[in-house]
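Here is the structure we will look at.
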Amino acid sequence: MISWINGELEEIWQTNQKFFVLINCQGLGYEIQVLDSLFLKLKTNQISNKKITLWIKHIKNEDSDLLFGFTSKEQKNFFIEILSIRGVGAQIGMGILNKLSISEVINAIKTQNKQLICSIPGIGQKMSDRLILELKSKFKNEIQTSEEKGKDQFKIKDPEINKILDDIQLTLQSLNYKNREIKNILPIIIKEIDLLKKNEHNLSFENLLKLAMNYLDKDSSNISS
């Protein structure tokens, strides 16, 4: 099994939507399919050193041996995880990483953005459902970490204020406001909290909830008009 390769770049070419490099490693030429981001950097000479290292996934079929190369071990491991999903082949896996970064895929899974997943060539509605379902399980820790980072963006030092903000989020969700709308409104509410604290006004849950709902309803009416 080939884990990685380091050698001299001899040639690059494109066949349809597939991108290839030919690497000379100790006198042997290895034909490797790569992502379009690396291909573009090589084509435009953004990478001046012609000796490159790629992390390799070797796929052996009945009639061929295929090599897929990545500039990071993270990309390679992500590619392998994608291939473990039923019905997903190597070209769909490459298509996903050609169009989206790993963080964008994880965010699409977290938000169940089927439209974005379906925009990748070769992926239809059923496959997007399967991808979201199975990748959500495989990358559960990454999704949780991403969600915690998102929450931390809206945390402030005062624990009482944080508790009020958490209660406001839960209340707005129970009132059927969309998560995206709630997330967008929180920075505005935090700014208002700073102003109220400076002016020594009441920082009650009721006042801040009313403020948040006023902003959300105002945005909604602007959209409808």
How far apart, in nm, are two points set 7 Å out from the Cα along the Cα-to-Cβ line at residue 25 and at residue 63?
-> 2.6 nm
Any idea how far apart residue 181 and residue 163 come out in nm if each label point goes 7 Å out from Cα toward Cβ?
-> 2.8 nm
Report the paramagnetic label zone for residue 12: residues of region 59-94 whose backbone N is under 17 Å from a point 7 Å from Cα along the Cα-to-Cβ axis.
-> 68-72
Local charge sum around residue 108 (other residues, Cβ-Cβ under 12 Å, Lys/Arg +1, Asp/Glu -1)?
-> +3
What number comes out for the charge environment of residue 4, summing +1 per Lys or Arg and -1 per Asp or Glu over other residues with Cβ under 12 Å away?
-> +3
Links exceeding 32 Å between C-alpha atoms in this model, out of 57/140; 57/110; 140/210; 140/163, come to 140/210
Principal axis dimensions, largest first and in whole angstrom, of region 38-100 by Cα | 39, 27, 18
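Taking a threshold of 18 Å on the Cα-Cα distance, which of the pairs 41/99; 136/183; 18/50; 126/183 fall above it?
Numbers: 41/99 16 Å; 136/183 21 Å; 18/50 21 Å; 126/183 29 Å.
136/183; 18/50; 126/183, as the Cα separations exceed 18 Å there.
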Could you provide, to the nearest whole Å², the per residue accessible area of region 1-64 with probe 1.4 Å?
-> 68 Å²
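Give me the percent of DSSP beta bridges within region 32-103 that run antiparallel, rounded to the nearest 5. If you can, show how the numbers build up before the last one.
Details: 6 of 8 bridges.
Among the beta bridges of region 32-103, antiparallel pairing accounts for roughly 75 percent.
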Length gained when the stretch residue 207-residue 1 is fully extended (0.36 nm per residue, less Cα-Cα span) = 67.8 nm
Once label points are set 7 Å from the Cα along Cα→Cβ at both residue 191 and residue 47, what is their separation, rounded to one decimal in nm?
-> 4.3 nm
What is the set of long-range amide H partners of residue 19 at a cut-off below 5 Å, with H atoms built 1.01 Å from backbone N?
-> 34
Accessible surface, 1.4 Å probe, highest first, among residues 127, 213, 94 = 213, 127, 94
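The values are calculated or read from the model by the stated rules, or taken from the named source; none is laboratory data. What you are looking at is a predicted structure, and each value in this text was computed from that prediction instead of being measured. So basically every Cβ, Gly included, is an ideal-geometry build from the backbone, and we count neighbours across all protein chains shown. Surface accessibility is based on the protein's heavy atoms, side chains included, excluding ligands, DNA and RNA. Shrake-Rupley method; radii C 1.70, N 1.55, O 1.52, S 1.80 Å.
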